[in-house]
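This report refers to the structure that appears directly beneath it.
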Amino acid sequence: MPPTFQDLLARARRLPRPGRRAILGIAGSPGAGKSTLAESLVRELNGPGEPWVAHVPMDGFHLADAELDRLGRRDRKGAPDTFDAAGYAALLERLRAERYDDVVYAPGFERVLEQPLAGAVPVPPSARLVVTEGNYLLLESGPWARVRSCLDEVWFCGLEEPERVRRLVARHERFGKSPEDAAAWALGPDQRNADLVAATRHLADLVVPAQAVPDARGSAPSAPG
Ligand SMILES: Nc1ncnc2c1ncn2[C@@H]1O[C@H](COP(=O)(O)OP(=O)(O)OP(=O)(O)O)[C@@H](O)[C@H]1O
Ligand SMILES: [Mg+2]
């Protein structure tokens, strides 16, 4: 039986151990639904009480455009070497080590500016579970391998290709690209990154079927069957 959203909630609840913060990773290709799944999990797990689950996207570790220009990598923004992977690994290591410290701040990613933003994501001391999500959590090269070793489990968003590309194009358009530019970016640079990510799917602890992910408006997923 493929897991339902309720199964995912139960599995996530079991990850923290007494005195030790757990980190759950969600990987998947661009547009596969990582952020939507992470947001739904965090919202449902936290409920109305004091938050014990925090959401830390890998997106905050995008290099700034000025640095990508200096490196000559602006035209492939989104590729593995356009992120501060070592910085991301260091933050995850710190999150594991500092359970009872003050708030730990992670950077966010501002989608309109398309730039990282320092200090945007607070992780309170009460957070016993951190949900982190991004394309490259399962890459085995360079500092990405350090990222994987910080994660208790990694789940992979297994959305089928045609639907993934359709959603990705629609999202690019919503954030201001023309239909032609949106399709060109989704089928060009995004697709190269998607292929890299797809090759890491077998390393995941769990593949999450699209039916288990509530839709972007946050409504509960329909019952299976
Ligand atoms: N069940 C759904 N039905 C329709 N659209 C959805 C559904 N879930 C998510 N989407 C939409 O698909 C798009 C991609 O989802 P999301 O942003 O969660 O993916 P992602 O894996 O985080 O992408 P990226 O790698 O670019 O950050 C979004 O525009 C989102 O609103
Ligand atoms: Mg996302």
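Read the figures in this text as sums done on the coordinates, not as results from a lab. Note that the structure is a prediction, hence the values are computed from the model and not measured. With ideal geometry, Cβ positions are generated from the backbone for all residues, glycine too; neighbour counts draw on all protein chains shown.
Remarks
- Cα shape, region 115-225, gyration tensor, a/c 1.5 rule: rounded
- Note on Ala170 and Ala66: their simple-model spin labels are 3.7 nm apart, each label 7 Å out from Cα toward Cβ.
- Percent RCO, i.e. relative contact order, over region 93-224, from Cα pairs under 8 Å lying at least 6 residues apart: 21
- Database remark: amide H of Ile26 closer than 5 angstrom to the amide H of Thr132, Glu133, Gly134, Trp155 (H placed geometrically; neighbours at sequence offset of 5 or more, or on other chains; Pro and chain starts carry no H).
- Alpha-carbon Debye profile of region 1-87, log10 I(q)/I(0) at 0.12, 0.13, 0.21 Å⁻¹: -0.52, -0.59, -1.06
- Maximal additional length on extending the Ala79-Ala120 stretch stands at 12.5 nm, based on 0.36 nm per residue less the C-alpha distance.
- Sum of -39500 (n - 2.57) over DSSP H runs of 4+, divided by residues of the chain (222 nm, nearest 500): -10500 deg cm²/dmol
- Computed from backbone phi, the HN-Hα couplings of region 62-75 come to 4, 5, 5, 4, 4, 6, 5, 4, 4, 7, x, 10, 4, 6 Hz, rounded to whole numbers (Karplus: 6.51 cos²θ - 1.76 cosθ + 1.60, θ = phi - 60°; Gly and Pro given as x).
- When both bridge partners sit in the chain, DSSP labels roughly 30% of those beta bridges antiparallel.
- Full extension of the chain between Gln211 and Leu187 yields a length gain of 6.2 nm, computed as 0.36 nm times the residue separation minus the alpha carbon distance.
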